[in-house]
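Colleague: First the structure, which I've put down as structure tokens, then a few questions once you've had a look.
The values are calculated or read from the model by the stated rules, or taken from the named source; none is laboratory data. Note that the structure is predicted; figures quoted are calculated from it, not measured. Don't worry about glycine lacking a Cβ; one is built from the backbone with ideal geometry, like all the others, and counts go over all protein chains shown.
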Amino acid sequence: MNQKLKSYTAQTYIAYALIAPAALYIILIVAWPLLETIRLSFTNSSLAGEDYVGLENYQKMFSSKKFNGIVTRTFVWMFFSVSLKLIIGLIGAVLLNANLKGRSIFRVLVMPPWVVPIAIGMLGWLWLYNGYFGIIAGVGMRTGILDGPFGFLAYKQSAFISTIIADVWVGTPMVTVFFLAAMQGVPRDLYEAAYCDGASRWDRFFKITLPQITPVIITMSLLSAIWTFNSFEIIWILTEGGPRGSTTTLIIDTYKQALGNYKFGRGAARAVVVMILLMLFAGFYLALLARINKKISHE
Amino acid sequence: MNKYNPFEKILIYFGIFVFMTFILLPFIEMFYASLRPLDHLFRSPYQFYSDDLSFWAYREMWNTVPMLGRYIFNSFFLASCVAILTLIFVIPAAYAYARFKFPAKNTSLYILLAINMFSGAVILIPLYKLLRTLGLLNSYQSMIIPGVAFLIPTAIWLLKSYFEKIPIDLEEAAFVDGASRVQILRHIIAPLSTPGLVVVGIYAFIGAYAQQFLFAITFNQKKEYMPIPTGLYEFIGYQSVKWNEMMAAALVGMLPVLLLFIFLQKYIVEGLTAGAVKN
């Protein structure tokens, strides 16, 4: 007993010592700035200095129609982007999981959008979306869908959709690769048993593959939702939040307020809203994750 | 059971073709545009065919973007520093999470996961002020320091799962045989975890190479420290963009990561797959 207790505490000390450097780094570079952001949101901080202003930043923010529009827009943008990533990713994974010639090459070819720097990929999309000379407008004009040059990023609705498509392009490969890995992790004997029992390919997908990879699907929805919510570079490079604010999501707005005109206080208030929303997401999904894990261990 | 009839085969290949078109079209079009003369690009509606393709833009871009070489070096340098620093912080922590039981273990793992969910944009203001106070704005450090912080959480989770796959029996057996912790680390953990370290290292490098935008445009205005993405982004602000050279430079900027990835993709894919296959 005594021996056990001693080794237990020794273990604890070793563990804490090993974790300490990473923990301190994160406390200094992430945790402290988060708290400082909360504090700054109650001030009128700028490059000149700061004074405590109470809830003024929040009052101004929530009473502005523009801000409420931004919140709604963020969720709509996110909803479409995440759903498309998951659906296309799942279809892609099923296709690449098929035991056909060339699949190992295709599996590598899926990954470039994920691997290359987002910002550089977006330079390519800027060219694709070019209203006069881009290939998308070109195909549109030649097939008669468009009756003239069309700047995809110049109009409210088309810019909104265009940024979603670019975001889906960036996010899909990772979803595909993880789904694919999960599908290959499903024990083969399950399929063999089902095959012997005469289950169709369709049945095998819905009754074996899908339930087996559900934990990965939920994890990916979690991560995908959060990354999409945080998506900055794609919108910034394609539209900088325009035209007329139609692609300004919360993250873009926070950035513009804080570092566009160095109104740190106002920017911080927006950052706090982002923080709270992210925490809600995280809490919601972590709870879901815990429930799934429980379910699995009960079976 | 895995035989497909010809109809199914055609259907699957067609599906793959559509899927791949979506994924690869931007790259193909970027490459094609980079080979075409500028006056062919500036025709509306889009011309699908050019007869005089050349690599001229790849030579000319070094003049149009005079610091391109420097940007490429910066990107490499920044990503390497971030990856190495991340590994240094993450290896001991991941080992502790994989092997020891201690109070608040699960809670802190979840906090880590939660921290990973915060975008850099949320903490830009305090970081900006901090870096300004320390006199680190417009320097390599201004991009490295926040970069590392945002790779640590995922890297710990990834590496932890690699360490966990090393059977604990091996360590216990060695421990019973009187091996010290250092010996266990050197002779058992280190060799067995090399593939994991390689994968996590590459993950960190690619992650660091990919994230070179937000912190770079916010904390650094100096051209000589700019990584490729911000360097090229500046270049797009020019009055008329020379799209063929722009696309050429963008492709050259992607090439290092793409090559590294193609060269090492087996490790990465195996690493990811291993996590899902063997429990």
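Colleague: Could you tell me which residue of segment A:13-64 is surrounded by the most Cβ atoms within 10 Å (Cβ to Cβ), considering only residues that are among the hydrophobic types (A, V, I, L, M, F, W, C) and not in a helix (DSSP H, G or I)?
Modeller: Result: A:42.
Colleague: Suppose we filter A:235, A:276, A:217 for residues that are out of contact with any strand residue (DSSP E or B) (no Cβ under 7 Å at 6 or more places or on another chain) and within 11 Å of another protein chain (Cβ to nearest Cβ); which single one remains?
Modeller: Criteria check complete, one pass: A:276.
Colleague: Could you check segment A:88-136 for helices (runs of 4 or more DSSP H) lying wholly inside it with 1 or more residues that are more than 7 Å from chain B (Cβ to nearest Cβ), touching a Cys at 6+ places or on another chain (Cβ under 8 Å) and aliphatic (A, V, I, L, M)?
Modeller: Here the list is empty.
Colleague: Mind listing whichever residues of segment B:92-122 are among the β-branched types (Val, Ile, Thr) and in contact with a Pro (Cβ under 7 Å, 6 or more places away or on another chain)?
Modeller: B:115
Colleague: Within segment A:141-153, does at least one residue satisfy the condition of being within 7 Å of chain B (Cβ to nearest Cβ), assigned to a helix (DSSP H, G or I) and crowded, with 20+ Cβ neighbours inside 10 Å?
Modeller: Scanning segment A:141-153 turns up no residue that is within 7 Å of chain B (Cβ to nearest Cβ), assigned to a helix (DSSP H, G or I) and crowded, with 20+ Cβ neighbours inside 10 Å.
Colleague: Scan segment B:116-136 for residues that are under 19 Å from the mean Cα position of the chain (by Cα) and either part of a loop (DSSP other than H, G, I, E, B) or surrounded by fewer than 18 Cβ atoms within 10 Å (Cβ to Cβ) (or both) and jot them down.
Modeller: In the first step, residues of segment B:116-136 are kept if they are under 19 Å from the mean Cα position of the chain (by Cα); the result is B:116-121.
Within segment B:116-136, B:116, B:117, B:118, B:119 qualify.
Colleague: Which ones in segment A:181-195 are assigned to a helix (DSSP H, G or I), loosely packed, with under 14 Cβ neighbours inside 10 Å and more than 9 Å from chain B (Cβ to nearest Cβ)?
Modeller: Across segment A:181-195, the qualifying residues are A:188, A:189, A:193.
Colleague: Take residue A:115 and decide whether it is within 20 Å of residue B:23 (Cα to Cα) and at pLDDT below 85.
Modeller: yes
Colleague: Please state which one of B:139, B:108 is surrounded by fewer than 24 Cβ atoms within 10 Å (Cβ to Cβ) and either modelled with pLDDT of 90 or more or touching a Cys at 6+ places or on another chain (Cβ under 7 Å) (or both).
Modeller: Numbers: B:108 fails: either modelled with pLDDT of 90 or more or touching a Cys at 6+ places or on another chain (Cβ under 7 Å) (or both).
B:139 is the lone residue from the list that is surrounded by fewer than 24 Cβ atoms within 10 Å (Cβ to Cβ) and either modelled with pLDDT of 90 or more or touching a Cys at 6+ places or on another chain (Cβ under 7 Å) (or both).
Results for (1) of a type in the set (A, V, I, L, M); (2) over 19 Å from the mean Cα position of the chain (by Cα), shown as yes or no for each residue.
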| site | (1), (2) |
| --- | --- |
| B:168 | yes, yes |
| B:181 | no, yes |
| B:212 | no, no |
| B:257 | yes, no |
